[in-house]
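**Q** One structure, pasted below without further comment.
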There are 2 protein chains.
Amino acid sequence: MSLGTSEAFDLRPDYIINVIRKLGAKTVGFQFPEGLKRKGPKLAKKIEEATGAEVLISGDPCFGACDLDRTLLEHVDILFHFGHAELEDTKLSDKVYFIETRSAVDIRPVVEKAVPELKGQIIGLITTVQHVHKLPDACAVLETSGKTCVIGRGDSRIAYPGQVLGCNFSVARDEVCDEYLYIGSGDFHPLGVALSTKKRVLAADPFSGEVREVDPSRVLRQRSAVIAKSLDARVFGIIVSSKNGQERMKLASSLKESAEKHGKEAYLILIDLVTPDQLLQFKVDAFVNTACPRLAVDEVGRFPSPMLTPQEFEIVLGEREWEKLVLDEITEEPV
Amino acid sequence: MSLGTSEAFDLRPDYIINVIRKLGAKTVGFQFPEGLKRKGPKLAKKIEEATGAEVLISGDPCFGACDLDRTLLEHVDILFHFGHAELEDTKLSDKVYFIETRSAVDIRPVVEKAVPELKGQIIGLITTVQHVHKLPDACAVLETSGKTCVIGRGDSRIAYPGQVLGCNFSVARDEVCDEYLYIGSGDFHPLGVALSTKKRVLAADPFSGEVREVDPSRVLRQRSAVIAKSLDARVFGIIVSSKNGQERMKLASSLKESAEKHGKEAYLILIDLVTPDQLLQFKVDAFVNTACPRLAVDEVGRFPSPMLTPQEFEIVLGEREWEKLVLDEITEEPV
């Protein structure tokens with residue numbers, strides 16, 4: 001909180017200044033997710049005044065550590081990527097420093113509020129990188145209340161025990177528990193855990209103080225509708241991301257082969273920013289998205305044709321049972 | 001016109017098939033500008049059936065040869081870039097083939113229609129790559145009518161004599177003439193030539209058959225208004241493109257230095273797709289755009305703050321006279 005521009009998250013300006021001075025960097029890149037972008041100019045000014053380095057800010061949208069600005073990387077001596085933890089397979093270069101923007105908010109009150117809502121004895125804890133350093137606090141509250149807490153390690157894409165990504169719930173699968181307690185904002189992460197594990201998930205938001213049980217039934221109905229609409233599709237556009245940590249070309253190629261084996265037409269489309277407008281250019285009966293797994297779910301109904309996940313496409317082709325419908329993930333092992 | 005999908009432009013499928021077979025390419029990239037993107041899947045199917053290669057289509061917006069899909073290039077053995085001529089400094093790799101999609105339309109009728117509207121004796125011809133092979137036809141019509149025609153060479157960024165780009169009017173400056181005849185669609189190219197040369201430009205559209213005199217006064221008024229609105233600006237966002245043929249980092253850095261010398265604040269923003277929405281993230285008094293020179297003019301009034309060209313920024317700082325206002329270009333020598 002040493003920087004006035006940051007109300008809730010620590011941008012670590014002193015650390016950044018030290019790194020720049022130590023390495024003698026002359027040009028420095030900043031990459032922020034959308035929620036933090038507005039803090040860029042003020043932080044840049046502070047850093048330029050303190051170090052004499054020239055700061056170059058990435059103006060493109062940024063959705064995760066999977067979405068490192070590679071062109072910016074070519075132009076700078078070091079790149080600070082804010083708001084996300086390093087993904088083992090996406091660091092790309094030793095020139096990249098991840099500033100995780102940890103939250104200072106106290107998570108204990110909302111965990112205390114959640115305790116009476118918990119039904120099980122063994123509680124699996126899950127959270128995002130912003131609160132991951134506070135999980136011991138949550139454990140302490142739970143254990144004081146007579147519960148047992150477990151925190152999973154997850155696969156190699158996960159930087160910290162207990163951390164879930166929008167595209168990786170492996171931590172939850174590692175946690176042998178009766179139910180889950182998610183600490184953080186937003187619906188997507190706890191929803192993914194509920195769909196992946198079929199267990200009850202309670203979500204506790206330390207900013208709003210709200211505690212609620214996650215209900216995956218609406219998303220399941222939406223996904224079933226997308227699959228149903230695609231059953232008669234003949235021409236598929238298979239989307240491959242050009243983002244470093246989202247690119248699944250091999251998967252896309254194998255889906256294309258499967259499609260052709262079943263007498264369907266399929267085209268591979270490599271794309272950076274997948275938007276409804278941009279996909280208007282492609283006249284297909286359905287899209288299959290191998291880019292960010294959240295897209296098909298978060299933007300359901302907004303694309304010019306139904307958008308399937310790879311697992312849903314397998315259901316359409318008759319290669320996976322409807323009962324085995326899960327959210328798509330980018331993990332070490334296929335889901 | 002050998003491909004059914006192409007009404008007006010030649011996508012050269014037979015040439016593409018020959019290149020793929022000759023090189024034994026296994027994976028092939030296609031990149032189209034927006035107006036041709038819908039032809040991608042049908043052409044991909046034809047090429048895949050004929051060669052057995054796997055085609056990967058770029059889904060990102062594409063605005064010129066300046067905008068080569070470098071990630072696609074990493075994934076393919078060869079890349080066919082449609083709709084633009086090679087720019088000497090932007091080819092990047094021998095793996096790239098430019099398919100210029102020449103138009104088959106006969107330009108003689110519209111040139112005949114233009115002759116009575118011409119006031120001078122020596123006529124400078126200018127056009128886009130789609131019609132550049134037809135300039136001898138235009139010359140013949142003019143000379144039959146007693147005029148003299150000149151066709152300039154342009155600088156090193158220009159592939160063909162007589163060709164103008166939205167960001168390069170060097171061909172016109174090479175043409176010693178009384179007035180210009182532009183053959184093609186759209187207002188931007190002839191407008192740029194009128195502003196660059198201060199001479200009369202007649203535009204003849206071979207598709208619509210329309211002939212009209214270009215009037216740069218409205219754009220000049222708009223540019224003056226943008227400059228006037230920026231005179232009191234204190235904080236500037238200087239935009240640098242991450243596209244291979246639009247990146248002018250040195251220019252951007254020197255503009256930042258100039259700004260600071262004049263007691264202004266300036267931030268460098270590296271960005272791929274410059275849109276009004278994306279710039280909403282940056283709270284500045286004015287933007288200075290070193291990316292595609294057309295942006296500031298084509299999208300005037302749509303950005304969250306006034307957007308200046310580099311030359312207009314010089315006027316704001318008092319380093320260039322108002323009378324020396326020209327459209328920005330990306331050329332060998334600064335304009």
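Every read-out reported here was derived from the displayed coordinates using simple, explicitly stated rules and does not represent laboratory data. The model shown is predicted, which means the values in this text are computed figures rather than measured ones. Because the Cβ atoms are built from the backbone with ideal geometry, glycine has one as well, and the counts that use them run over all protein chains shown.
**Q** Enter the per residue convex hull volume of region A:6-99, computed from alpha-carbon coordinates, in Å³ rounded to the nearest integer.
**A** Value for region A:6-99: 88 Å³ per residue.
**Q** Looking at the square roots a ≥ b ≥ c of the eigenvalues of the Cα gyration tensor of chain A, which shape do they give, rounded for a/c under 1.5, prolate if a/b is larger than b/c, or oblate?
**A** It is oblate, given that a/c is not under 1.5 and a/b is not larger than b/c.
**Q** Over region A:236-335, calculate the relative contact order: mean separation of alpha carbon pairs under 8 Å at least 6 apart, over the residue count, as a percent.
**A** About 28 percent, as a whole number.
**Q** Now, a different point. Report ³J(HN,Hα) in whole Hz for each residue of region A:201-217, in order, from the Karplus equation J = 6.51 cos²θ - 1.76 cosθ + 1.60 where θ = phi - 60°; Gly and Pro get x.
**A** Using θ = phi - 60°, the values come out as 10, 9, 10, 10, 9, x, 7, 8, x, 7, 10, 8, 8, 7, 10, x, 5 Hz.
**Q** Scan around B:ASN244 for amide H atoms under 5 Å from its own, H built in the peptide plane at 1.01 Å from N, and keep only partners 5 or more places away or cross-chain.
**A** B:LEU68
**Q** Here's a follow-up. Using θ = phi - 60° and the Karplus relation 6.51 cos²θ - 1.76 cosθ + 1.60, list the HN-Hα couplings for region A:15-31 in order, rounded to whole Hz, with x at every Gly or Pro.
**A** 4, 4, 4, 4, 4, 4, 5, 4, 8, x, 5, 9, 10, 10, x, 10, 10
**Q** For chain A, can you list the cysteines whose C-beta has no other cysteine C-beta under 4.7 Å from it?
**A** Singleton cysteines: A:CYS62, A:CYS66, A:CYS167, A:CYS177, A:CYS292.
**Q** Of all DSSP beta bridges in region A:161-309, what percent run antiparallel (nearest 5)?
**A** Given both bridge residues lie in region A:161-309, the antiparallel proportion sits at roughly 20 percent.
**Q** While we're on this one: Given the options A:LEU251, A:GLY186, A:ALA291, identify the residue whose Cα lies farthest towards the positive end of the charge dipole of region A:183-324 (+1 on Cβ of Lys, Arg; -1 on Cβ of Asp, Glu).
**A** The listed residue farthest towards the positive side: A:LEU251.
**Q** Let me ask something else. Hey, what does the equivalent ellipsoid look like for region B:131-177, semi-axes from the Cα gyration tensor as sqrt of 5 times each eigenvalue, largest first, whole Å?
**A** Working through the eigenvalues yields semi-axes of 21, 12, 7 Å.
**Q** With a/c under 1.5 counting as rounded, go ahead and sort region B:219-324 into rounded, prolate or oblate using the C-alpha gyration tensor (a ≥ b ≥ c being the square roots of the eigenvalues; past the cut-off, prolate if a/b is larger than b/c, else oblate).
**A** Judged from the Cα gyration tensor, region B:219-324 comes out rounded (a/c under 1.5).
**Q** Sequence-distant or interchain residues sharing an amide H contact under 5 Å with B:GLY124, placed H: which?
**A** B:VAL150, B:ASP178, B:GLU179, B:TYR180, B:LEU181
**Q** Something else: Run lengths n ≥ 4 of DSSP H only: what is the helix-derived mean residue ellipticity at 222 nm for chain A, with -39500 (n - 2.57) per run over all residues, to the nearest 500?
**A** Rounded to the nearest 500, it is -8500 deg cm²/dmol.
**Q** If you take every residue apart from A:VAL129 with its C-beta less than 10 Å away from the C-beta of A:VAL129, what net charge results, scoring Lys and Arg +1 and Asp and Glu -1?
**A** -1
**Q** Oh, and also: Can you tell me how the protein assembly as shown classifies by the Cα gyration tensor, rounded, prolate or oblate, using a/c under 1.5 as the rounded cut?
**A** oblate
**Q** Roughly how many debye, to the nearest 20, is the charge dipole of region B:108-215 about its Cα centre, given +1 on each Lys and Arg Cβ, -1 on each Asp and Glu Cβ, and no other charges?
**A** 180
**Q** Also, I was wondering about something else. Quick one: of the DSSP bridges fully inside chain B, what percent are antiparallel, nearest 5?
**A** Looking only at bridges with both residues in chain B, the antiparallel portion is about 10 percent.
**Q** Let me spell out the model: positive unit charges on the Cβ of Lys and Arg, negative unit charges on the Cβ of Asp and Glu, origin at the Cα centre of region B:219-324. What dipole size does that give, in debye rounded to 20?
**A** Rounded to the nearest 20 debye, it is 60 debye.
**Q** Short version: ³J(HN,Hα) in whole Hz for each residue of region A:62-69, in order, from phi by Karplus 6.51 cos²θ - 1.76 cosθ + 1.60 (θ = phi - 60°), x for Gly and Pro, what are they?
**A** Per-residue couplings from phi come out as 9, 10, x, 5, 5, 10, 6, 7 Hz.
**Q** Once you charge only the Cβ atoms, +1 for Lys and Arg and -1 for Asp and Glu, what is the size of the charge dipole of chain B about its Cα centre, to the nearest 20 debye?
**A** Computed about the Cα centre, the dipole is about 280 debye.
**Q** Counting DSSP beta bridges in the protein assembly as shown, what percent are antiparallel, to the nearest 5?
**A** 10
**Q** Name the residues whose placed amide hydrogens come within less than 5 Å of the amide hydrogen of A:ALA266, ignoring near sequence neighbours (fewer than 5 apart) on the same chain.
**A** A:PHE236
**Q** For each pair in A:LYS22/A:LYS243; B:LYS243/B:LYS283; A:LYS256/B:LYS95; A:LYS199/A:LYS324; A:LYS283/B:LYS37, compute the distance between the two Cα atoms and list the pairs where it is over 20 Å.
**A** A:LYS22/A:LYS243; B:LYS243/B:LYS283; A:LYS256/B:LYS95
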